[in-house]
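Okay, handing you the structure first.
The values are calculated or read from the model by the stated rules, or taken from the named source; none is laboratory data. Everything numeric in this text was worked out from a predicted model, so none of it was measured. We place every Cβ from the backbone using ideal geometry, glycine too, and count neighbours over all the protein chains shown.
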Amino acid sequence: MQEECQQAAEILRGASSIFVMTGAGVSAESGIPTFRGADGLWRDYSVQDLATPEAFRKNPRLVWEWYRWRQNIIIKAQPNPAHYAVVELERVSEHFLLLTQNVDNLHQRAGSSNVLELHGNIFRVRCSDCGKVSPSPCFAEASCDVPTCECGGLLRPDVVWFGEAIPSTIWTESLDYLNTAQAVVLCGTSGVVWPAAAIPGIAKELGIRSIEINLEPTPFSSTVDVSIMNKAGEVLPRIVKALSTAA
Ligand code: APR
């Protein structure tokens, strides 16, 4: 692993602008269940059963129970060394963008500042009728309320569900930055959900050198320049350390 970390550090050392994309795996060592791993189910429901507008229309209370369960886990969780290594990488980079698929706010809690939330944030709510966005009421896990807006509409988590469009400004801003990047780091994502899954291929087409850190092979493991199959909380700090010591 050390050799690959050195190779990754070499790629980052030569880059004045770095694009990092993270997924649920970067929060796994904070105790946050990933979506497609062994811990990915909740009461035998998969994320595809719950994270959809149809599921919310059909049973808003069930969807809110799942989100309350996740909110309560996340509130008790702490950022882990992977999150802090991303903060350090941002600090030492001339130009830096973090695109996260995660909605858990842990990157921001760790201190990341230039962050784009591709799938929203679990600690915001949005009215299903008027679209007003506000901070999410954090429920006691046992509560079964479905919060409502002043307009009477049901409040839903301000996240992107399956079948919904990504906020166009965030996607455009991500691609604009990717076009300027000299290195891409892909960390803790299975790379199967679009359009985030397009990022590795776009980077390849642009001739940008890329690094993957994940626990299992992904559709882009064979096309990245360095693929490190190990825990983000162990690998990212090693890469950042190698980057700073050899400078
Ligand atoms: N370190 C590195 N990688 C890890 C770790 C870890 N400690 N633990 C798990 N992983 C890897 C898993 O091997 C898996 O490939 O993280 C990946 C997580 O994949 P998913 O659970 O599919 O999560 P993600 O890729 O973020 O899903 C994308 O799908 O469900 C939607 O909106 C949801 O943002 C999510 C999107």
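Suppose we filter Glu54, Glu3 for residues that are surrounded by fewer than 21 Cβ atoms within 10 Å (Cβ to Cβ), without any contact (Cβ under 8 Å) to a residue 24 or more places away in the chain, part of a helix (DSSP H, G or I) and more than 18 Å from the chain's Cα centre (by Cα); which single one remains?
Glu3
Here is a follow-up. Given the residues Leu97, Leu175, Leu186, Leu154, which is the only one that is within 15 Å of the ligand (Cβ to nearest atom) and either aromatic (Phe, Trp, Tyr) or modelled with pLDDT of 95 or more (or both)?
Leu186
Can you tell me which of Gln48, Gln78, Gln108 is surrounded by fewer than 21 Cβ atoms within 10 Å (Cβ to Cβ) and part of a loop (DSSP other than H, G, I, E, B)?
The conditions single out Gln78.
So which pairs qualify, if the first residue must be in segment 213-241 and near the ligand (Cβ under 9 Å from one of its atoms), the second must be of a type in the set (Lys, Arg) and modelled with pLDDT of 95 or more, the Cβ gap must be under 7 Å, and the two must be at least 6 apart or on different chains?
Leu215/Lys231
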